[in-house]
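Q: Have a look at the structure that comes next, please.
The values are calculated or read from the model by the stated rules, or taken from the named source; none is laboratory data. All values reported here derive from a predicted model rather than from experimental measurement. We place every Cβ from the backbone using ideal geometry, glycine too, and count neighbours over all the protein chains shown. For accessibility, only protein heavy atoms count, side chains too; no ligands or nucleic acids. Shrake-Rupley method; radii C 1.70, N 1.55, O 1.52, S 1.80 Å.
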Amino acid sequence: MVKVDISGVSDFIDENELSSIDTQSAFSEITTLYESGWVTLPKDYDTELSGKIKEIAKKIREQSKVLVVLGIGGSYLGARAAIDYIVSPNYNFLSKDTPDIYFAGNNASGAYLNDVMEMIGERDFSVNVISKSGSTIETAIALRFFKAMLEEKYGAMGLKERLYVTTDAGSPLNEMANREGYDCLEMPERVGGRYSVLTVVGLLPCAVAGIDIDAMMAGALEELENGVDNACLYAATRQLLYRKGKKIEMLACFEPAFRYMGEWWKQLFGESEGKDGIGIFPASADYTADLHSLGQYIQEGERTLMETFVSFDAPRVNPMIPGGPLHDDKITILAGMELDEINRSASQAVKKAHIEGGVPVMELSVSNMSAASYGALAYFFERSCAISAIVSGVIPFGQPGVEAYKNNLYEILGL
Ligand code: PA5
């Protein structure tokens, strides 16, 4: 379960003001509008779906040393965030019995694509192309490269065995999969791209990485059943702060493994809320690293920031600081202290400094960095984002603004 602490905003808002934000109606609206779809995904997850995903994951693990996941935005960030968060941001460099996982199709850079191909080298590989619409240009172009690479290495039959398609029923990609005979995992209906991490979109790459997807969905289910009040509290607090001039929300965490969760969160909130000339601008920071770059601005720059810290009751690993004569300075007295104590002290110190500097700080916490807490956080953010957007007066689903660049690109390319 995700806990919400808003004591760090008490200098900026009066808690009684929160009742002026009608999150309950917004919650009823999403529940009625979406009595199926992304809202009920954790309930809809059953042994049949779990078994199907695990079976395909097992096949990929057995046939390949590398899985290339092609997708962009909601079709990639959730899985990437989950692997970093649950296993490690260094997943590919760890010794393990699961395939390396590379992500491509999330940009139009030839250099990036070339690097991924080189990293695969002579190793056996499979490809999971993920695109809800089945027509996103970056992903479609990358697919052409990797399809050709698969065919060259394994022939037409091998290509069929190693290309896995995740898309909407009836999309051009779905039609291609049916026509050419690839395994196709269809996305459930009424689930937008950025709300799709708890579907085959996020679950298949996670299962290939050896993540316990049942635990992830159980965490999401617990959040669905018991987390409404906390989601409403977070949504209401950020909207109230926005009304008071806090236009930017910085999601910050003291664990580098959270970095891609920040990227996923930015897409979720940015595409859901930034419409009709309004919306909180979502930014993210990786502490303590970014305190040495953005810290000055956060402390003393324009006072339009609010922050949300994400913390964990228990660290994944907690080494002790070694002693010895290396540093003959004040740090020597910290020998024997657990590193988590330093990290917590840093969080406390930053929170106090930022609040004193005029930045309200909300804090979200979960027990640890597990598959279950990832599922809980993903569901918590999806729900609070939808509630927050509706409260602000915009429709959280759809991203009409993204079409502007796509239309220009199509025109420039003569498509
Ligand atoms: O939230 C969304 O729907 C989008 O941001 C998509 O995730 C992104 O554009 C990728 O689209 P698709 O999965 O259709 O390739």
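Q: Comparing 141, 331, 395, which has the greatest mean-square fluctuation in the GNM of the chain with Cα pairs linked when under 10 Å apart?
A: 331
Q: Follow-up. What does the charge dipole of the chain about its Cα centre add up to, to the nearest 20 debye, if the Cβ of each Lys and Arg holds +1 and the Cβ of each Asp and Glu holds -1?
A: Working: 36 positive and 58 negative charges, 138 e Å.
Its charge dipole is roughly 660 debye.
Q: Moving on to the next point. Roughly how many Å is it from the Cα centre of the range 186-252 to that of the range 264-291, as a whole number?
A: 14 Å
Q: Among 126, 280, 158, which residue has its Cα furthest toward the positive end of the charge dipole of the chain, with +1 on Lys/Arg Cβ and -1 on Asp/Glu Cβ?
A: 158
Q: So what's the range 163-234 giving for Cα Rg divided by 2.2 N^0.38 Å, two decimals?
A: Numbers: Rg = 15.2 Å, N = 72, 2.2 N^0.38 = 11.2 Å.
Normalised by 2.2 N^0.38 Å, the Cα Rg of the range 163-234 equals 1.36.
Q: Straight-line reach from residue 160: which lysines fall under 28 Å, measuring Cα to Cα and dropping same-chain residues less than 8 apart?
A: Straight-line reach from residue 160, under 28 Å: 52, 54, 58, 59, 65, 96, 132, 147.
Q: How big is D for the chain, in µm² s⁻¹ as a whole number, if Stokes-Einstein is applied with the Kirkwood radius of its Cα pairs at 10 °C and 1.306 mPa s?
A: It comes out at roughly 70 µm²/s.
Q: Next question, about the same structure. Rounded to the nearest whole Å², what accessible area per residue is found for the range 64-127 with the 1.4 Å probe?
A: Details: 2570 Å² over 64 residues.
Ligands and nucleic acids excluded, the result is 40 Å² per residue.
Q: Here's a follow-up. Just to be sure I understand: with springs between alpha-carbon atoms less than 10 Å apart, which residue in 168, 11, 44 has the highest mean-square fluctuation in the Gaussian network model of the chain?
A: Its mean-square fluctuation being the largest, the pick is 11.
Q: Please name whichever of 380, 143, 334 sits farthest to the positive end of the charge dipole of the chain, dipole taken about the Cα centre and charges placed at Cβ: Lys and Arg +1, Asp and Glu -1.
A: 143
Q: Below 8 Å between Cα atoms, with a sequence gap of 6+, how large is the relative contact order for the chain in percent?
A: Answer for the chain is 24 percent.
Q: Taking the Cα atoms only, what angle lies between the long axis of helix 213-226 and the longest principal axis of the chain, rounded to 10 degrees?
A: 50 degrees
Q: Could you list the square roots of 5 times each eigenvalue of the Cα gyration tensor of the range 1-91, that is, the equivalent ellipsoid semi-axes, sorted largest first and rounded to whole Å? Could you put the intermediate results ahead of the total?
A: Values: eigenvalues 286, 87, 28 Å².
Values for the range 1-91, descending: 38, 21, 12 Å.
Q: Any idea what the relative contact order of the range 169-266 is, in percent, if you count C-alpha pairs under 8 Å spaced at least 6 apart?
A: 13 percent
Q: I've got another one for you. Ignoring any ligand, DNA or RNA, what whole percent of the accessible area of the range 157-212 comes from carbon and sulfur when the probe is 1.4 angstrom?
A: 46 percent
Q: Roll a 1.4 angstrom probe over the protein heavy atoms and tell me the percent of accessible area of the range 1-85 that is carbon or sulfur.
A: Heavy-atom surface of the range 1-85 belonging to carbon and sulfur, 1.4 Å probe: 49 percent.
Q: While we're on this one: With every protein chain left in place, what is the accessible area per residue of the range 250-354 in square angstrom, probe 1.4 Å? Provide the component values of the computation, followed by the final result.
A: Details: 5570 Å² over 105 residues.
That works out to 53 Å² for each residue.
Q: To continue, here is another question. Where in the range 1-91 are there GluC sites (Glu not before Pro) that are in a DSSP coil and have at most 13 other Cβ atoms within 10 angstrom of their Cβ?
A: Working: sites: 15, 17, 29, 35, 48, 55, 62; in loops: 35.
Counting only loop positions with at most 13 other Cβ atoms within 10 Å, the GluC sites (Glu not before Pro) in the range 1-91 are 35.
Q: Given a 1.4 angstrom probe, I'd like the percentage of the accessible area of the range 239-384 that is carbon and sulfur, rounded to a whole number.
A: Carbon plus sulfur share of accessible area: 58 percent.
Q: Explain nothing, just the number: dipole magnitude of the range 264-415 about its Cα centre with +1 on each Lys and Arg Cβ and -1 on each Asp and Glu Cβ, in debye rounded to the nearest 20.
A: Result for the range 264-415 is approximately 220 debye, rounded to the nearest 20.
Q: For the chain, set up a Gaussian network in which alpha carbons nearer than 10 Å are linked by springs, and say which option among 375, 51, 262 fluctuates the most.
A: It is 51.
Q: Another question, then. Given the -39500 (n - 2.57) contribution per DSSP H run of 4+ residues, what per-residue ellipticity at 222 nm results for the chain, rounded to the nearest 500 deg cm²/dmol? Kindly include the intermediate steps, with their values, before the conclusion.
A: On the way: 15 runs with 196 residues, N = 415.
Rounded to the nearest 500, the figure is -15000 deg cm²/dmol.
Q: Computed on alpha carbon atoms, what radius of gyration and Dmax characterise the range 228-356, expressed in Å?
A: Radius of gyration, then largest Cα-Cα span, for the range 228-356: 17.4, 60 Å.
Q: Please name which of 248, 261, 233 has its Cα lying farthest along the dipole of the range 226-272 towards the positive end, using unit charges on Cβ (Lys, Arg +1; Asp, Glu -1) and the Cα centre as origin.
A: Farthest towards the positive end: 248.
Q: Where only protein heavy atoms count, and the probe is 1.4 Å, what is the accessible area per residue for the range 176-226 in Å²? Don't jump to the answer; show the numbers that get you there.
A: Details: 1720 Å² over 51 residues.
The answer is 34 Å² per residue.
Q: Based only on Cα atoms, what Rg/Rh ratio does the range 91-228 have, Rh being taken as Kirkwood's radius? Can you show the working numbers first?
A: Values: Rg = 16.1 Å, Rh = 16.3 Å.
Here the Rg-to-Rh quotient is 0.99.
Q: Which trypsin sites (Lys or Arg not before Pro) in the range 252-353 pass both tests, a DSSP loop state and at most 12 other beta-carbon atoms within 10 Å?
A: Working: sites: 259, 266, 275, 303, 316, 330, 344, 351, 352; in loops: 303, 316.
Here the trypsin sites (Lys or Arg not before Pro) that fit, given the DSSP loop and packing criteria, are 303.
Q: Taking R0 as 41 Å, what's the FRET efficiency between residue 1 and residue 55 from their Cβ-Cβ distance, rounded to 0.05?
A: With R0 = 41 Å, the Cβ-Cβ based efficiency is 0.85.
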